[in-house]
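Notes for the one structure printed next.
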Amino acid sequence: MDRSDPAPSGEPDRPSVPEQRSGEDPYLRVNDLRVRFDTSDGVVRAVDGVSFSVQRGRTLGIVGESGSGKSVTSLAVLGLHEEKRTTITGEISVGGRQLVGLPEEEVRRLRGRDMAMIFQDPLSALHPYFTVGRQIAEAYRVHHPKAGKRAARQRAVDMLGRVGIPQPARRFDQYPHEFSGGMRQRAMIAMALVNDPDLLIADEPTTALDVTVQAQILDLLADLQAEFHSAIIMITHDLGVVSQIADEVLVMYGGRAVEHGSVEQVLRRPQHPYTWGLLSSVPSLHGDADADLVPIAGNPPSLINLPSGCAFHPRCRYADRNGDRSRTEVPQLRPAGGPGHLVACHLSADDRTRLYAEDIAHVGVAR
Amino acid sequence: MSARNAAQRSPAVANEGQAGMSASSAAPAVAGEPLLRVRGLSKHFPVRDGLRGGGLVRAVDGLDFDVRPGETLGLVGESGCGKTTTGRMLVRLLEPTAGTIEFAGRDITHAGRRELRPLRQDLQIIFQDPYASLNPRHTVGRIVAMPLQVNGINPPGGVKARVRELLELVGLNPEHYNRYPHEFSGGQRQRIGIARALALRPKLIVADEPVSALDVSIQAQVVNLLRDLQRDLGLAFVFIAHDLAVVRHFCQRVAVMYLGRIVEIGDRVDIYERPQHPYTRALLSAIPDVTKLGPAGRIRLTGDVPTPLNPPSGCRFRTRCWKAQDICATEEPALVPRDGGRQATACHFPESGPVGAGPDAHAVATGPGARGVGTGPGATAAGVEEVSK
Amino acid sequence: MARFLIKRIFSAVLTLFAVSVLTFLMFFALPRDPVSGMCPKNCNPERLERVRQELGLRDPLVTQYAGYMKGIFTGRDLGSAQGGRCDAPCLGWSYVNNEAVLDTITRVLPVTLSIVIPAAILWLLLGVGLGMVSALRRGTWLDRAAIGFSLTGASLQLYFVGAVLLMIFVYNLRWLPVPSYTSVFDNPVKWASGLVLSWIALAFLFSAIYARLSRAQMLETLSEDFVRTARAKGLAKPAVYGRHALRAAITPVVTIAGLDVGAALGGTVITETTFGIQGLGRTAVEAVRAGDLPTIMATVLISAVFVVLANVLVDLLYAAIDPRVRLG
Amino acid sequence: MSMSPVEGVALAEIGAGGGADVPKEKGFVGRSPGQLAWIRLRRDRTAMVSGVLLIFFVLVALSAPLVELLYGIGPRDQFQGKLDGFGMPLGYAGGVSGDHFFGLEPGLGRDIFVRLVYGLRTSLLIAFAAAVITAVLGIVLGALAGFLGGWLDAVINWVTDLTLAMPFLIIALALTPTLTLRFYGEREAVSPAFGVAVLIAVFAMFGWTSTARLVRGQVIALREREFVEAARASGAGLGHMIFRQLLPNIWAPILVSFSLAVPQFITSEAALSFIGVGLTEETPSFGRMIYESLDYLQTDPAFVFFPGITIFALVFAFNLFGDALRDALDPKSSR
């Protein structure tokens, strides 16, 4: 099949993004996003035709391993990629505005005001030489040029208190290295939310934190979402985090979406062998602790030299069931049963149901 | 092999003799002498602070535990609890400040390099970072052969044959002998590190977060490999991790650490099904559970771990504990079995029953969130970080 | 902070002490007799010997050293041949120049300062500016030109550049007078026109080094997470680069600059020789040639003081820029 | 001038992960990081051009007597007949001709080209020898200070500070005649080889600090690396850890610093000659030629030009090569 010619959206065999649960229009709509980097080793197709949308007040979890393209997707939405070597095609619409092709200056005005981001490692993401408060106040003043120094300070102190930092007025004048890991991430969140953005992208916000602090941060994000009614994209490799906070889940592999649906659908009735692998290889707190985990064989692929056909086929236990198809044809996302549940797999629906029940349903956290 | 037996030993037997944990009351082990016997192990790091002149970070403060041949002990806790420091002391990469480490009946606490030499072969370590733990300028063959070379051991059949054997054992192609670490993925590098640790046929391996730097799908491969090796070779492990789910899949016994102390130690079943210490319960309930969708009713601990530079008086967990009473501030609870339980718990008010079913099901610590942080803003973060460098 | 300062100053004093002892020893082994240079012709051996006695050159080394040190801190009497009472800080009497060494130093130090300080300002502005621009325009012709400039500058010899500058601007075009020093307070225009070539020569060479250094630092900083955060906040590029990136990239540059300026203040021997300006460096060279121990001691010590002082200042500056550095 | 340390030299390869280093399934013999750096170097045009130029310079220097033989003129031959009444060379551009490629010196009338060839030999010999000695000193002292720490580190650090606080040119100026007089009498002729040895010794005394600091920093950064701990946990001794584990990982920055130290010593040698220390009149040297030429700046610019350009070309080639070497050894550093 010729896949170099991306099917335009609206073509019959290309299913649209999962239908929305309410009548509200999605705040963020990403359609057929492709991100390519030119490197000395070749062209990296970091994201290759990904579509999704998020409404305000709802959370999309994007799951994948390192190199799956999940972080690149989020950076592309904010326009934070390196301009010179990156090519972006597709549509990114935020609050009805098309961002791809928009001049940098206009994207900049949206950044931090309408859409904000939380990064994985708050210690390196905060400037070591400036006080935490100053960095938050700065984020406020960029988008509120009329606000005075004192107003910005007041706003920053308010936000620090809002995210649960004790003695915010005193903490305002401290440097990032004087904060603990959890407090730093709270400060990052305060900075991201200082302008009341409608879209918040959190890139592995709890990976660097301990479990008890992770729980605090996840709770905080949920509370703040209820309060600010923003759309959240939660990027993570941890299915546990997704199960706690997400409404919808997008599973990425090798720069492509392999499964997409509600959290209930993806975690309870997963359809893609890669999702199965993720579930069956994660150790669980319940069930038979002596049973072996079922890992995914092999290693994540190189984005420069992606396997032909289905990128997952070299690691897939079921790749041979369709003759050569897995090796030659890139599977497209297609409906997988439940409403809005999509999967990109050559296996037939019956096969998937049977294999899941036989091989997967009883191991790891899939149970 | 006896390893099989060890793995399947009934929890009741395995636990006996480990119940009394303090040095004086440690009862003689039933199933033979422990391989590793740790008493009162402490490590204090001096820190210099421009304003306060300096102090001691009590990274590890009086640990007692035993590991028997073929047994796997999990050491779990959050960052800064001292688990990594403990691991490094066990293999003598760090010099203990106080306490004793006995290995196979010999006191190795302060043994010199020469005295340690025969023991080195029995005691090895696997590191966390598969990128930093392999010398980038050496071939895989040289890396795996290093322990043999350093100890002047020439195994029957030659070093090369032994290295090939080891590579095969950990699931690598033995033909990759002449390759360099950068040509391998993270999971494969971790396998190389494991092969190196196995080169001297050790009896005990300290595994310091061996899978936490790996991708999820790779983690399971390495955990399974370690389980197989443990079973087939009858290895004892001290498995250091922050991920309680991984520990549950690998360890027969588990010790939970908080601020340089063991707060609870016991068999896997006891720790996961009937945790008694509030901290253990909080840890378990904080783990996001894929099997439960949506925000779970979990125990919310407020604040952060206090600084080990100036740990709270009495019970160290009291500043974040919802059950704390006056006695917790004045008297430090001993690590002893409570209420007929089989595991030892250092708590004045231990809980019972599975997490989520007990009275703490929806316990939320109240009061100002500042309680854990109030001990000095800079100290919490900076003090710990200085130590970890 | 106080502890740090005390420790640092103690180490600095120890270093200076060692420098003075080493210099003292080294120059006593110097194979030149200063006294015979004082009266080339009509001196008989007895008279020379008397002068030596008078100058204390026959005393044990320790006594001589102690006397010298005493002079620095409390002043001492040098005897009628050497200008009599010499108040602290007494650097001794130069029997070659026939004047108090302190007078020599106060005369030549402003010259060296006048060369180094404007040159340093020039090279820092030029070098850092060039480095930053080329980092931000990485891969463009501008970047390549800057790299070429800095490699060329780093490969050129100061005396060669100086010679070429002299040839062009002084001898051929006659735009500038032959380099000389005039006090800036007497005639600023003459001061500048007399020294501008030395500034250009020094600045050209040093800015090349600083352009390389700051380019590398800026490139490293640009890949830091906090720069991405600054962009994610919606800051415009000037603020991202000027406020966030520059602040972090400049720190190591400041460190090196402090040490370089400190070293340069101790005497720009080559520059002064090339342009024929009598500063600290040239004075030192002449003193060595003449075996003028008091002047040598003074110039070496002053140059060491500048280096040691620069070291301490750089540490303090570092702590001021980077809040993570705690002086302890 | 301070010998500024080599900045920004980080370790190659470590952590350079990402999509590029995916295991290749072909062939069982891997490529070492050194081989990879060599391949990158080979692909770098600047490196190759400057490298060839350097080899050319070295070959010319080594075969100086051969050049003399072919050229037919020795470094001490004088051609007074080709000078005018004021001692200026006849003809254009300082007497450049088929017989004298770079013309003649004013005054003595010696051939500039052949003197440059011999000057090149002297300079390269001094620079390479000094660079090797300072590298060895620096590596040993730096590695010991960094690895063992404690009082040894404090002492070595203090000695480094002390060395940096001594004004190099002035001390060198004083030390050279002192040393010479210790070995030769007042009126004895000093052998050229001795002058060269003294210069090398002076450079070694002052030059080791930057390598020592570099190595110390690198060793401290690597000391706590887990692969070193793995060796320690296996019972390895000090020698194994420094020589087998640590040093192979810091060859890259040492090599870069070495390649940049050589031109620095060439420059310093010239600078010393310039202020009148160092080699005797009959030993041809770059610095001496430039120093003497400055008097003829107006009357015979070609005399300034040829030595100046040659030394520039030599140092430039070294700097270019050093930069390319750094890029090859540490692909992340620039680009």
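Here are a few things to note about the model shown:
- Checking B:SER313 against (1) assigned to a helix (DSSP H, G or I); (2) among the hydroxyl-bearing types (Ser, Thr, Tyr); (3) free of Cβ contacts under 8 Å to residues at least 40 places away in the same chain, the condition it does not meet: (1)
- Filter pass, B:VAL206 being among the hydrophobic types (A, V, I, L, M, F, W, C) and within 14 Å of chain A (Cβ to nearest Cβ): no
- Qualifying residue in the range A:182-191 (condition: modelled with pLDDT under 90, at the interface with another protein chain (Cβ under 9 Å from one of its Cβ atoms) and touching a Lys or Arg at 6+ places or on another chain (Cβ under 7 Å)): no
- Residue match in the range C:176-183 (condition: out of contact with any strand residue (DSSP E or B) (no Cβ under 8 Å at 6 or more places or on another chain), more than 14 Å from chain A (Cβ to nearest Cβ), surrounded by fewer than 21 Cβ atoms within 10 Å (Cβ to Cβ) and in a helix (DSSP H, G or I)): no
- Residues of the range A:192-207 include none that is in a helix (DSSP H, G or I) and more than 21 Å from the chain's Cα centre (by Cα).
- Residue list for the range A:275-328, filter: more than 22 Å from B:LEU172 (Cα to Cα), of a type in the set (Asp, Glu) and touching a helix residue (DSSP H, G or I) at 6+ places or on another chain (Cβ under 9 Å): A:ASP290, A:ASP320
- Unmet requirement for A:ARG108, which otherwise passes all of (1) over 27 Å from A:PHE52 (Cα atoms); (2) among the charged types (D, E, K, R); (3) buried (at least 20 other Cβ atoms within 10 Å of the Cβ): (1)
- Residue that is surrounded by the fewest Cβ atoms within 10 Å (Cβ to Cβ) [pool: residues in the range A:138-154 that are closer than 20 Å to A:TYR175 by Cβ and away from chain C (no Cβ under 11 Å)]: A:LYS149
- Residue in the range C:114-141 that is farthest from the chain's Cα centre (by Cα), counting only those that are within 14 Å of chain A (Cβ to nearest Cβ) and outside any loop (DSSP other than H, G, I, E, B): C:LEU136
Every residue, every condition in (1) farther than 20 Å from B:GLN343 by Cα; (2) modelled with pLDDT under 90; (3) among the aromatic types (Phe, Trp, Tyr); (4) crowded, with 24+ Cβ neighbours inside 10 Å, yes or no:
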site: B:PHE237; (1), (2), (3), (4): no, no, yes, yes
site: B:ILE240; (1), (2), (3), (4): no, no, no, yes
site: B:VAL247; (1), (2), (3), (4): no, no, no, yes
site: B:CYS251; (1), (2), (3), (4): no, no, no, yes
site: B:GLU264; (1), (2), (3), (4): no, no, no, yes
site: B:ARG274; (1), (2), (3), (4): no, yes, no, no
site: B:GLY303; (1), (2), (3), (4): yes, yes, no, yes
site: B:SER313; (1), (2), (3), (4): yes, yes, no, no
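- Selected residue (only one of D:ILE126, D:ILE170 is hydrophobic (A, V, I, L, M, F, W, C) and under 17 Å from the mean Cα position of the chain (by Cα)): D:ILE126
- Criterion: free of Cβ contacts under 8 Å to residues at least 40 places away in the same chain and on the phi < 0 side of the Ramachandran plot - qualifying residue of B:LEU93, B:LEU73: B:LEU93
- Every listed requirement among (1) farther than 21 Å from B:PHE127 by Cβ; (2) at pLDDT 90 or above; (3) not in a loop (DSSP other than H, G, I, E, B) is met by B:VAL60 save one, (1).
- Answer from D:PRO23, D:PRO75, D:PRO65 - the residue that is touching a helix residue (DSSP H, G or I) at 6+ places or on another chain (Cβ under 6 Å) and modelled with pLDDT of 75 or more: D:PRO75
- Residue within the range D:146-159 that is outside any helix (DSSP H, G or I) and more than 30 Å from C:GLY262 (Cα to Cα) present: no
- Restricted to the range C:211-293, the set of helices (runs of 4 or more DSSP H) holding at least 2 residues that are more than 8 Å from every other protein chain (Cβ to nearest Cβ) and surrounded by fewer than 23 Cβ atoms within 10 Å (Cβ to Cβ) comprises C:246-265, C:280-290.
- Boolean, C:ALA135 is at pLDDT 85 or above, in contact with a Phe, Trp or Tyr (Cβ under 6 Å, 6 or more places away or on another chain), under 30 Å from C:LEU246 (Cα atoms) and surrounded by 15 or more Cβ atoms within 10 Å (Cβ to Cβ): no
- Residue selected from the range A:62-82 under the condition in contact (Cβ under 8 Å) with a residue 60 or more places away in the chain and more than 25 Å from B:ALA213 (Cβ to Cβ), by the criterion farthest from the other protein chains (Cβ to nearest Cβ): A:VAL77
- Scan of the range A:251-309 for residues that are crowded, with 23+ Cβ neighbours inside 10 Å and of a type in the set (Lys, Arg), ordered by number: A:ARG256
- Residue check: B:LEU229 meets all listed conditions (1) over 18 Å from A:VAL241 (Cβ atoms); (2) within 12 Å of chain A (Cβ to nearest Cβ); (3) part of a helix (DSSP H, G or I); (4) modelled with pLDDT of 90 or more but one, namely (2).
- Cβ-Cβ under 6 Å pairs, at least 6 apart or on other chains, the range D:170-185 side more than 7 Å from every other protein chain (Cβ to nearest Cβ), far side surrounded by fewer than 23 Cβ atoms within 10 Å (Cβ to Cβ) and modelled with pLDDT under 80: D:THR180/D:VAL190; D:TYR184/D:VAL190
- Restricting A:LEU123, A:LEU110 to those that are in contact with a helix residue (DSSP H, G or I) (Cβ under 8 Å, 6 or more places away or on another chain) and within 14 Å of chain C (Cβ to nearest Cβ) reduces the list to A:LEU123.
- Residue that is facing chain B (nearest Cβ under 9 Å), of a type outside the set (Gly, Ala, Ser) and in contact with a strand residue (DSSP E or B) (Cβ under 6 Å, 6 or more places away or on another chain), where the choices are A:VAL242, A:VAL213: A:VAL242
- Conditions (1) facing chain C (nearest Cβ under 10 Å); (2) closer than 22 Å to A:LEU220 by Cβ: number failed by A:VAL132: (1)
- Here B:GLY40 clears all of (1) assigned to a loop (DSSP other than H, G, I, E, B); (2) at pLDDT 50 or above; (3) under 22 Å from B:ALA104 (Cα atoms) except the condition numbered (1).
- Helices (runs of 4 or more DSSP H) fully within the range D:216-335 that include at least 1 residues being within 13 Å of chain B (Cβ to nearest Cβ) and more than 15 Å from the chain's Cα centre (by Cα): D:226-233, D:247-274, D:301-329.
- Candidate set: the range B:108-139, residues that are closer than 18 Å to B:GLY87 by Cβ and in a helix (DSSP H, G or I); chosen: the one farthest from the other protein chains (Cβ to nearest Cβ): B:LEU119
The values are calculated or read from the model by the stated rules, or taken from the named source; none is laboratory data. Note that the structure is a prediction, hence the values are computed from the model and not measured. For neighbour counting, all protein chains shown are included, and Cβ atoms are generated from backbone atoms with ideal geometry for every residue, glycine included.
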